[in-house]
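The values are calculated or read from the model by the stated rules, or taken from the named source; none is laboratory data. Worth saying up front: this structure is predicted, and the values here are computed from it rather than measured. We place every Cβ from the backbone using ideal geometry, glycine too, and count neighbours over all the protein chains shown. For the accessible areas, the whole protein counts, side chains as well, though only heavy atoms, and no ligand, DNA or RNA atoms are used. Shrake-Rupley method; radii C 1.70, N 1.55, O 1.52, S 1.80 Å.
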Amino acid sequence: MRVLLLGANGFIGSSILLRLMSGGHAVTGLARHPNRAACKWPGAGWIKSDLSKMLHSDDWRSLVEDHDVIVNCAGALQDGLSDDLAATQEQSMRALYERASSAGNKRIVQISASDNSRSGHLPFMATKRRADDALATSGVEYVILRPALVLGRNAHGGSALIRALASTPFAVPLLHADSSVQTVAVDDVADIVAMAVEGALPSGTDIELAAPERLTLGQLVQLHRQWLGLPSARVVQVPSWFGSMISRFADLAGRLGWRSPLRSTALAVMEHGVTTQFELPDLPAGHALRTAQQALGANPSGVQDLWFARLYLLKPVVIVSISAFWFLSGTFPLADPSRAAAHFEPFMTPSLALALTLATCAIDIALGLLILIRPFTRKALIAMLVVALSYLLGGTVLKPDLWLDPLGPLVKVLPFLSLCVVALAILDER
């Protein structure tokens, strides 16, 4: 089969990609940033595109005509600088269904979300539901799969947050620790998608995928601690007001392009639980869904998993700390710019010294703000390295005695450079 895979370089999409390729299918991945994926999986074809811009039937013409099956595992949790829920999850999908319907003999496999009535009002759920309804009435052959919380060798979003919380020392801070959770292994999802692609599931199939066991969120986190090789720890229930405050900051970060799993949509879903609403499907022999312990046990953890878990919650702290350092270093001298300019006056005229002081303050403030905007973060970090090294070199040449200053204004640049390199090293999200 010639398969077009939307969201092919994501957590679920990459597992589906490997499963379909191993089954002999010719897979083309559609992604916004496919360059790294193309290096990682050169056996697949790759097309760079943004679903939020593919809102008309003609945008899908060549893609639909060149493929037999379209698998959609793309999506967004919440509106933000990098995501448009309505466009990505509903409008672009309606355009796809229209093109697939007119092309004929096409099948669409949709990875959707559990139709939980308690969280159905959320934009994430509502756009998914409307897209599913449109698919069901489009006349196209379709299969809709609704996985519960997906666990696998890799982690992203909610599963990454669970690993991070599981790695905290002494105690585990949790919101909604008693919420009920069902899970499904990502490999099981990939296997069932392959069955749908190959026609083993009849058109019109709409099923929820979850292992039968139900855990509390606290139990699931403890299971991850065991997987990471850490002793059991006491669960500390985080007050709801603190969770609301955190979600507001996470929503703000979302507006700046950061896809935090602590945004209000994720917390609302977790409050209501991640459980199936209907009878679990009868799958063909040999396709029993694995429990959470089986899913984790199939992929023993290594030290890299512990590093990732511990760094996950430190990453925003590192970014915000660097931002504050640069913003404040540019703001404080503005309280008395003439005094700050005095450092340059032995080497230039007072007016030029003042101009240079104001320029460096502007650079520091601009970089301190740009690092917070996700599309500019990497460039801002690289610029910070260049500017900091320039400051270090200029200070060494013009005022070498600053190295002997007991407050260490030049010495303190060195650990910043290290922190900046660390930030660049952990910046990737996929």
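Each Lys or Arg adds one and each Asp or Glu subtracts one; over the other residues with Cβ under 15 Å from the Cβ of Ser247, this totals +1. Listed by chain and number, the lysines whose alpha-carbon sits under 27 Å from that of Lys48, ignoring those within fewer than 8 places in the same chain, are Lys40, Lys106, Lys128, Lys379. Karplus-based coupling profile of the stretch 297-302, in residue order and whole Hz: x, 5, 9, x, 6, x, with θ = phi - 60° in 6.51 cos²θ - 1.76 cosθ + 1.60 and x standing for Gly or Pro. Under the convention that each Lys and Arg Cβ holds +1 and each Asp and Glu Cβ holds -1, the size of the dipole of the stretch 111-218 around its Cα centre is about 460 debye.
Computed over the stretch 1-151, relative contact order equals 22 percent, with contacts defined as Cα pairs under 8 Å that lie 6+ residues apart.
Per residue, the chain reaches -14500 deg cm²/dmol at 222 nm when only DSSP H runs of four or more residues are counted, each adding -39500 (n - 2.57).
For Leu175, the residues 5 or more places off, or on other chains, whose built amide H falls under 5 Å of its own are Val238. For the chain, with all protein chains in place and a probe radius of 1.4 Å, 62% of the accessible heavy-atom surface sits on carbon or sulfur. Normalised by 2.2 N^0.38 Å, with N the number of residues, the alpha-carbon radius of gyration of the stretch 20-125 equals 1.14.
Segment Val236..Val386, full-extension length gain: 49.7 nm, with 0.36 nm per residue of separation and the alpha-carbon distance subtracted. With protein chains left intact and a 1.4 Å probe, residues in the chain average 48 Å² of accessible area per residue. When the chain is treated as a Gaussian network with alpha carbon springs shorter than 10 Å, the biggest mean-square fluctuation among Ala340, Ala185, Ala126 belongs to Ala340. Judged by the gyration tensor of its Cα atoms, with axes a ≥ b ≥ c, the stretch 169-291 is prolate; a/c meets the 1.5 cut and a/b is the larger of a/b and b/c. Heavy-atom accessible area for Leu392, with the other protein chains in place and a 1.4 Å probe, reaches approximately 20 Å².
Ranking Leu18, Leu267 by solvent-accessible area of protein heavy atoms (1.4 Å probe, all protein chains present), from largest to smallest, gives Leu18, Leu267. Given R0 = 35 Å, the distance between the Cβ atoms of Leu314 and His56 translates into a calculated FRET efficiency of 0.20. FRET efficiency for the Leu328 to Ala425 pair, using the beta carbon distance and R₀ = 22 Å, is estimated at 0.35. Largest GNM mean-square fluctuation among Val69, Val320, Val109, using the chain with Cα springs under 10 Å: Val320. Our coupling estimate for the stretch 257-265, obtained by passing each phi through the Karplus curve with A = 6.51, B = -1.76, C = 1.60 and θ = phi - 60°, is x, 8, 9, 6, x, 9, 5, 4, 4 Hz, Gly and Pro reported as x. Excluding Ile47 itself, what net charge comes from residues whose Cβ is under 14 Å from its Cβ, given Lys and Arg +1 and Asp and Glu -1? Here the charged neighbours net out to +1. Potential lengthening of the chain between Ser102 and Gln294 amounts to 64.8 nm, from the contour at 0.36 nm per residue minus the alpha-carbon distance. Residues whose amide H falls under 5 Å from that of Ser82, counting only those 5 or more places apart or on a different chain, are Gly257, with hydrogens built in the peptide plane. Highest GNM mean-square fluctuation among Lys128, Lys399, Lys106, for the chain modelled with Cα contacts below 10 Å: Lys399.
The lysines within cross-link reach of Lys399, meaning a Cα-to-Cα straight distance under 21 Å and a gap of 8 or more places when in the same chain, are Lys412. If the chain linking Ser180 and Val397 were pulled fully straight, counting 0.36 nm for each residue of separation and taking away their Cα-Cα distance, it would gain 71.8 nm.
With Rh defined as the Kirkwood radius, the inverse of the mean 1/r over Cα pairs, the Rg/Rh of the chain is 1.05.
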